[in-house]
Ligand SMILES: Cc1cc2nc3c(=O)[nH]c(=O)nc-3n(C[C@H](O)[C@H](O)[C@H](O)COP(=O)(O)OP(=O)(O)OC[C@H]3O[C@@H](n4cnc5c(N)ncnc54)[C@H](O)[C@@H]3O)c2cc1C
Ligand SMILES: Cc1cc2nc3c(=O)[nH]c(=O)nc-3n(C[C@H](O)[C@H](O)[C@H](O)COP(=O)(O)O)c2cc1C
């Protein structure tokens, strides 16, 4: 799969750290949870989740280091190259969905929420952040904001809110979808397991090739690029590296 | 009864398919996974004395019949790699071949000594990576350097040693002979072909390293020719590979003179490469009347 040249149509601020780029490219068949490799020639190529496919491709990029800073500072009219869609997205099972997102992780969930709505699913979302200025924009469904410091919406964590809803016998959630910091997702998976509700997560690992040849992005025997990035919570919890260990660019194991 | 067992320099394998170095082989869990998927042996990602981050992205691409990579030999360094290998040796259930590389003969020997502690079945010397040129020469382009490195490692460790050769040379047979002179117990061939991919719209090389190694189905004819030439020149066992994606491909590689067959890029072309290719090879042997792998020869 070769990279395709496209242009940035719009660059908008999602929050203090995250930029949403609307690109002049349609990736037919792109599914929520899949990602693209974003190549800025002369800079780097990085994996980024798809945060919308209609009418054209959209990505949300957090400034996390040298390469993502370059990507996040692209302006309307700038040229970039996209390889994808890559990986396995979410399995869109069940009828009543609950999204639990943190940070730029809410991007792919917002895409999923829109697709779910289009397909007649009942969708709700919990969106958490440390503080108001780090919240992403809401989804097309009812979105409950939670901040640690109470500067917007409810005070606490998105996992507290999830626990509350899972405990509600009338809620009858079929599937919880989560994307965000891995420790948050581990807590989400655990809460869902406790309440007997299936969950799916998007797990990231340092990625090089993006198509399953180099093996760098492994979590245990599971490869984020081709076996994932979507993974069932139960499977993630049974993986000894989930929530605990990842690897750097050399492949040295490091605590998360 | 079809027998798929082979033996390479005393290393017994339940089938001739060997996971190639650097293809999903960076960690113990991935080596174990390939073994469970049906590999007869597995080769670990090449490791050096010190950790290496490798080249920046883009580091790889797949298009049609070719794969290109310039990972740049990223690895966690021999010490951490030895820990991974220990686990793999314990749990894979098939022989683990440890790939090693260095900047000179001393480094190769030093890294091999550290790796030997993990008790792999064999050490494979990557003297043929085309992607680290700017750091020096490719040793397997030079018979004297090839011999020197093999000799240094043979002196340092007790394990069988295979020299992995590059097709990017004028006369690969000459290099195989040099490896044998140095004391190699086996030859692995081929590493990737040196190549380049230019993106016309970016007006730039696609790989950050500009050059990269070409693998995948498209290089099979080159691999067959190389292995055949090596077979004419030396009587060492050969782990032959390059572009092998099917049972008949594997049979062709065995006919060229390989003792076992390495499987790399095929993992991106087949759903379950090892199980499917070994089943196809067994079917081929059945239909063509071969009882064991070593019977597979050209007429
Ligand atoms: C499947 C997947 C989907 C992703 N989706 C998004 C997204 O939608 N939005 C977003 O902003 N970020 C996303 N990321 C993470 C993003 O790729 C990294 O934050 C980015 O590459 C950081 O690179 P850097 O050079 O700017 O930072 P660095 O300073 O190099 O690193 C900062 C952090 O990012 C991690 N990182 C660096 N390079 C990579 C890489 N090649 N692969 C994975 N992690 C890396 C590092 O481990 C470190 O924790 C995703 C990653 C994966 C694997
Ligand atoms: C992504 C990638 C990484 C590789 N890394 C190594 C390596 O670390 N050491 C090595 O000796 N060969 C390495 N190789 C070469 C392979 O082991 C193999 O020789 C080559 O790919 C040809 O076989 P194939 O066509 O079956 O892939 C690598 C190949 C690829 C595609």
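Any read-out appearing in this document is the output of simple, stated calculations on the displayed coordinates, not a laboratory observation. Here the structure is a predicted model, which is why all the values come from computation and not from measurement. All Cβ positions, glycine included, derive from the backbone under ideal geometry; neighbour counts span all protein chains shown.
Brief remarks follow.
- Per-residue Cβ neighbour rank within 10 angstrom, fewest leading, B:80, A:142: A:142, B:80
- For region A:14-64 versus region B:23-69, the spacing of their alpha-carbon centroids is 27 Å.
- Summary value for chain A: 16 percent relative contact order, contacts being C-alpha pairs under 8 angstrom separated by 6+ residues.
- Set of region A:155-169 residues, backbone N closer than 16 Å to the point 7 Å along the Cα-Cβ line of residue A:130: A:156-158
- Residue B:86-residue A:235 FRET efficiency (beta carbon distance; Förster radius 30 Å; 0.05 resolution): 0.70
- Across the alpha-carbon set of region A:139-178, the Rg to Rh ratio works out to 0.99, Rh being the Kirkwood radius.
- Per residue, the average separation of C-alpha pairs within less than 8 Å and at least 6 apart gives region B:144-204 a relative contact order of 40 percent.
- Degrees between helix A:106-118 axis and first principal axis of chain A (Cα, 0 to 90, nearest 10): 70
- Computed over the Cα atoms of region B:198-279, the ratio of the radius of gyration to the Kirkwood radius (Rg/Rh) comes to 1.09.
- The eigenvalues of the Cα gyration tensor, multiplied by 5 and square-rooted, give region A:74-133 an equivalent ellipsoid with semi-axes of 25, 19, 11 Å from largest to smallest.
- Rounded, prolate or oblate (a/c below 1.5 giving rounded, otherwise prolate when a/b exceeds b/c) for region B:1-137 by Cα gyration tensor: oblate
- Using R0 = 22 Å, the C-beta based FRET efficiency linking residue B:211 and residue A:1 works out to 0.60.
- DSSP finds beta bridges in chain B, and of those with both partners inside it, around 40 percent are antiparallel.
- For residues of B:69-76, the mean tally of beta carbons on other chains within 10 Å: 4
- Exercise: per-residue mean of other protein chain Cβ atoms within 10 Å, B:204-213: 2
- Extended-chain gain in nm, criterion 0.36 nm per residue less alpha-carbon gap, residue B:36 and residue B:201: 55.2 nm
- Working note: Cα gyration tensor of chain A, eigenvalues times five, square-rooted, sorted largest first, giving semi-axes of 27, 21, 18 Å.
- Peptide B:113-123 - average C-beta neighbours from other chains (10 Å radius): 0
- When A:137, A:254 are sorted by how many other C-beta atoms sit within 10 angstrom of their C-beta, beginning with the fewest, the order is A:254, A:137.
- With an a/c value under 1.5 for the gyration tensor axes a ≥ b ≥ c computed over the alpha-carbon atoms, region B:6-295 is described as rounded.
- Summary of packing: across the peptides A:79-85, A:31-37, A:63-69, the per-residue average of other C-beta atoms within 10 Å ranks them, highest first, as A:31-37, A:79-85, A:63-69.
- DSSP beta bridge pairing in the protein assembly as shown, given as percent antiparallel to the nearest 5: 50
- Amide N of region B:162-177 lying under 12 Å from the label point, which is placed 7 angstrom from the Cα of residue B:63 along Cα→Cβ: none
- Per residue, chain B reaches -10500 deg cm²/dmol at 222 nm when only DSSP H runs of four or more residues are counted, each adding -39500 (n - 2.57).
- Chain A - share of DSSP beta bridges that are antiparallel (%, nearest 5): 60
- Using alpha-carbon coordinates, inclination of helix A:182-195 to the longest axis of chain A, degrees: 30
- Nitroxide proxy distance, nm - points 7 Å out along Cα→Cβ at residue A:140 and residue A:190: 3.5
- The Rg/Rh ratio of the protein assembly as shown, with Rg taken over Cα atoms and Rh as the Kirkwood radius over Cα pairs, comes to 1.02.
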